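Structure record follows, encoded as structure tokens.
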Amino acid sequence: MQQISVTPLEYLPNFRVGTKVQISSQDGKMRFLTSLVGVHDQDVIVAHLPTAEELLEKCGCSQVPLQWYEAFFNVKQDLILRLVDKGVVYAFETSVMEITGSKNRMIMLSYPAKVYQQELRKEPRYPCTLLAHIYCRHEQFDGLIKDVSSGGCQIRLPDHESLQKIRQLKDSGFFITFEILFPDNDTYFVFKGDLISVLPLQRGLRLGIAFKNQYTEIAKYLAALHLN
């Protein structure tokens, strides 16, 4: 990852309606994905606020006590908001100004005084379709690698059934071992990596993996694509 730099306000990303953002507590223990409703006069950022029940369903949280959840979003609660725009991650501190509505609730957040930006990846990833078997602890998952670079890859799993197990593995901090079958090979190569992200999709899951080491097999595959 590149060093984080402060971005002046005039270079803020476009806060489009429907843009997916992550809102989290300062310590990172409470976080969820939601969508932007809009920005009012570069003064207030408005986003959808999931209910405790929605968080329980979407995030697979074991417990989201209603009283604690409501207290968390008290006025002036300090939060971190992150979004991705054109391959760059933007993050800034904000605070709760107001909660409106009952069923379709909105959270009104303060406009940032400064914004931090960071390149999403150090290296470009190239699209591919490679068979992969993932092993972690006593679990095994079969999937497809959809893009790859010398530093990491993205793996798609075909269904949501493994979501809870995958998230538990990510939260535990354990690395994963996985095998990749490259074209023109009849043997799977074994790799180790850190599970950086887990994102539910309409059909399945998307896993972001950072390789533990630089692997010659990956370098050979990228060279064979004539992309270097």
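The values are calculated or read from the model by the stated rules, or taken from the named source; none is laboratory data. Quantities reported herein were computed from a predicted structural model and do not represent experimental measurements. Cβ placement follows ideal geometry from the backbone for every residue including glycine, while neighbour counts extend to all protein chains displayed.
Can you find a residue that is over 30 Å from LYS165 (Cα atoms), at pLDDT below 75 and loosely packed, with under 14 Cβ neighbours inside 10 Å anywhere in segment 59-68? Give the derivation first.
Applying the first criterion (over 30 Å from LYS165 (Cα atoms)) to segment 59-68 yields none.
So far as segment 59-68 goes, no, none of its residues is over 30 Å from LYS165 (Cα atoms), at pLDDT below 75 and loosely packed, with under 14 Cβ neighbours inside 10 Å.
Does TYR135 qualify as being surrounded by 12 or more Cβ atoms within 10 Å (Cβ to Cβ) and at pLDDT 85 or above?
Working: surrounded by 12 or more Cβ atoms within 10 Å (Cβ to Cβ): yes; at pLDDT 85 or above: no.
No.
One residue is enough: does segment 171-186 have a residue meeting the conditions touching a helix residue (DSSP H, G or I) at 6+ places or on another chain (Cβ under 6 Å), modelled with pLDDT of 85 or more, surrounded by 12 or more Cβ atoms within 10 Å (Cβ to Cβ) and assigned to a strand (DSSP E or B)? Can you show your working first?
Going residue by residue through segment 171-186, those that are touching a helix residue (DSSP H, G or I) at 6+ places or on another chain (Cβ under 6 Å) are 182.
Then keep just the ones that are modelled with pLDDT of 85 or more; that gives 182.
Now narrow it down to the ones that are surrounded by 12 or more Cβ atoms within 10 Å (Cβ to Cβ): 182.
Retained after the next criterion (residues that are assigned to a strand (DSSP E or B)): none.
No, that holds for no residue.
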Can you work out which of the residues in segment 33-58 that are β-branched (Val, Ile, Thr) and at pLDDT 80 or above is surrounded by the fewest Cβ atoms within 10 Å (Cβ to Cβ)? VAL44
Output yes when any residue across segment 207-221 is touching a residue at least 40 places away in the same chain (Cβ under 8 Å), more than 15 Å from ARG125 (Cβ to Cβ) and in contact with a Leu (Cβ under 9 Å, 6 or more places away or on another chain), and no when none is. no
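Does ASP159 qualify as being exposed (fewer than 14 other Cβ atoms within 10 Å of the Cβ), among the charged types (D, E, K, R) and at pLDDT 80 or above?
On the way: exposed (fewer than 14 other Cβ atoms within 10 Å of the Cβ): yes; among the charged types (D, E, K, R): yes; at pLDDT 80 or above: no.
Judged against the criteria, ASP159 is not a match.
Name the one entry in SER102, SER95 that is in the same structural domain as THR34 (by TED's automatic domain parsing), at pLDDT 85 or above and more than 20 Å from the chain's Cα centre (by Cα).
Details: SER102 fails: at pLDDT 85 or above.
Just one listed residue meets the conditions, SER95.
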